[in-house]
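Participant: First the structure, then my questions, so here it is.
The values are calculated or read from the model by the stated rules, or taken from the named source; none is laboratory data. This one's a predicted model, so the numbers in the text were calculated from it and none came from an experiment. Cβ placement follows ideal geometry from the backbone for every residue including glycine, while neighbour counts extend to all protein chains displayed. Accessible surface is based on the protein model in full, side chains and every heavy atom, while ligands, DNA and RNA are left aside. Shrake-Rupley method; radii C 1.70, N 1.55, O 1.52, S 1.80 Å.
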Amino acid sequence: DSEKGKSDINDWFYLPSWKRSAPVNNSHKITKECWVLLVDESGLGLQLVEDLQRLEQDVIIVKAGKEFSQQDKSYTVKVDNPEDYDKLFEDLQVSGLNPQKIVHLWQLATEKELFADFEQQQKWGFHSLLFLTQAIAKYQTSNKYSTTVELSVVTNELHDVVGIETINPDRTTILGLCKVIPQEYPQIRCRNIDVVIPGNNQSLENTAQNLITELTTTISDSIVAYRNRHRWIQTFESLPIPEVNTKVLPLKNNGVYLIAGDLVEGLGLVFAQYLAQ
């Protein structure tokens, strides 16, 4: 329907792109809210906890471990056990806590051996986010909690923004979830914030401050990236596809061509019919 005004199919294609965004306005007063942070091992999550507590926010810390446990407002869950996520929100419900903001930082990586293969990437990224979302949805239903929850997924090595990043394609599966979650669960607003893990404490604090500003501001951008001091948002640029000039195809008149395999119903048959014509 969005392409009614474009009758030429060559004008239907778009290329993902990025553009610099104006800095987010952080001059507003931050109201007190309940936060749940799934903290990573890079130190960024704990830095966020400190900054949020300094802003007098109510922060619940969730760490990865071998089994479910709880001490005060700090929890441990087994990453690949969906029941632990349910226990987390059941306990929050019993405690009368209604988290408005949830931050998933478990796909941030500094120890490469921890994320050695595709399955490990999915465990800490796609599957943990899926289990978390399902637990949030159950919590909202059982608690009759109608307030929209803001779920922010913080990643690194995910987006090629300025062309010099190290990109890990195994992590891209989490983007599909970020886009589908708000469609399947209207009461969960999900967005992705991609950052670069800094190598020193000062840069870590700066990255945390960027995230605090992003997380405490009501904005509509669903995919955001921070590179150095700059904020970037994803856009889509029109990519016209030129028509193929069949007159210059490298085929010989009466040429003989060998097609190996796939001649029953597949592309081999399609190619053979085309060449015969």
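Participant: Each residue of segment 171-182 in order: what ³J(HN,Hα) in whole Hz does its phi give by Karplus 6.51 cos²θ - 1.76 cosθ + 1.60, θ = phi - 60°, with x for Gly and Pro?
Facilitator: Values, residue by residue: 8, 5, 4, 5, 5, x, 5, 4, 7, 7, 3, x Hz.
Participant: Pulled fully out, how much extra length does the chain show between ASP91 and GLN71, if you take 0.36 nm times their separation in residues and subtract their Cα-Cα distance?
Facilitator: Details: separation 20, 0.36 × 20 = 7.20 nm, distance 1.14 nm.
Net length gain for the segment: 6.1 nm.
Participant: Calculate how steeply helix 267-276 sits against the longest principal axis of the alpha-carbon atoms of the chain, using the helix alpha-carbon long axis, and give the answer as 0 to 90 degrees to the nearest 10.
Facilitator: That helix lies at roughly 30 degrees to the long axis.
Participant: Something else about it: Through the Karplus equation 6.51 cos²θ - 1.76 cosθ + 1.60, θ set to phi - 60°, convert the phi angles of segment 20-35 into ³J(HN,Hα) values in whole Hz; use x for Gly and Pro.
Facilitator: Coupling constants for segment 20-35: 5, 10, 5, x, 6, 6, 10, 7, 6, 7, 8, 7, 6, 9, 9, 10 Hz.
Participant: Hey, can you grab everything whose amide H is under 5 Å from the amide H of GLU33? Only 5+ residues off in sequence or another chain; H modelled, so Pro and N-termini drop out.
Facilitator: ASP58
Participant: May I pose another question? Placing unit charges on C-beta atoms (Lys and Arg positive, Asp and Glu negative, everything else neutral), compute the dipole magnitude of the chain about its Cα centre in debye, rounded to 20.
Facilitator: Numbers: 26 positive and 37 negative charges, 140 e Å.
Its charge dipole is roughly 680 debye.
Participant: I'd like to check one number: the per residue accessible area of the chain, probe 1.4 Å, reported in Å² as a whole number. Before the final figure, lay out the partial values.
Facilitator: Working: 16360 Å² over 277 residues.
It amounts to 59 Å² per residue over the chain.
Participant: Along its three principal axes, how long is segment 24-148 when you only count alpha carbons? Whole Å, largest extent first please.
Facilitator: Sorted largest first, the three principal extents are 42, 35, 27 Å.
Participant: Test of understanding: in a Gaussian network model of the chain with alpha carbons linked when under 10 Å, which of SER17, SER152, SER95 would top the mean-square fluctuation ranking?
Facilitator: SER95
Participant: Okay, moving on. Can you send over the carbon and sulfur percentage of the accessible area for the chain, probe radius 1.4 Å, protein chains only?
Facilitator: 51
Participant: Is there a pair in LYS73/LYS138; LYS29/LYS123; LYS32/LYS66 whose C-alpha atoms are over 29 Å apart, and which pairs would that be?
Facilitator: Numbers: LYS73/LYS138 21 Å; LYS29/LYS123 37 Å; LYS32/LYS66 32 Å.
Beyond 29 Å: LYS29/LYS123; LYS32/LYS66.
Participant: Quick one: what are the phi-derived ³J(HN,Hα) couplings along segment 48-54, Karplus 6.51/-1.76/1.60 with θ = phi - 60°, whole Hz, x for glycine and proline?
Facilitator: Working through the residues one at a time gives 4, 4, 4, 5, 5, 5, 5 Hz.
Participant: What GluC sites (Glu not before Pro) does segment 1-71 have in DSSP loop regions with at most 13 other beta carbons within 10 Å? Numbers along the way, then the final one.
Facilitator: Values: sites: GLU3, GLU33, GLU41, GLU50, GLU56, GLU67; in loops: GLU3, GLU33, GLU41, GLU56, GLU67.
In loop regions of segment 1-71 (DSSP not H, G, I, E or B), the sparsely surrounded GluC sites (Glu not before Pro) are GLU3, GLU56, GLU67.
Participant: Against the longest alpha carbon principal axis of the chain, how many degrees, from 0 to 90 and to the nearest 10, is the axis of helix 201-215 turned?
Facilitator: Helix 201-215 sits at roughly 80 degrees to that axis.
Participant: Taking every pair of distinct Cα atoms and averaging 1/r, then inverting, what Kirkwood hydrodynamic radius in Å comes out for the chain? Walk me through the numbers on the way to the answer.
Facilitator: Working: mean 1/r = 0.0463 Å⁻¹.
After inverting the mean inverse Cα-Cα distance, the result is 21.6 Å.
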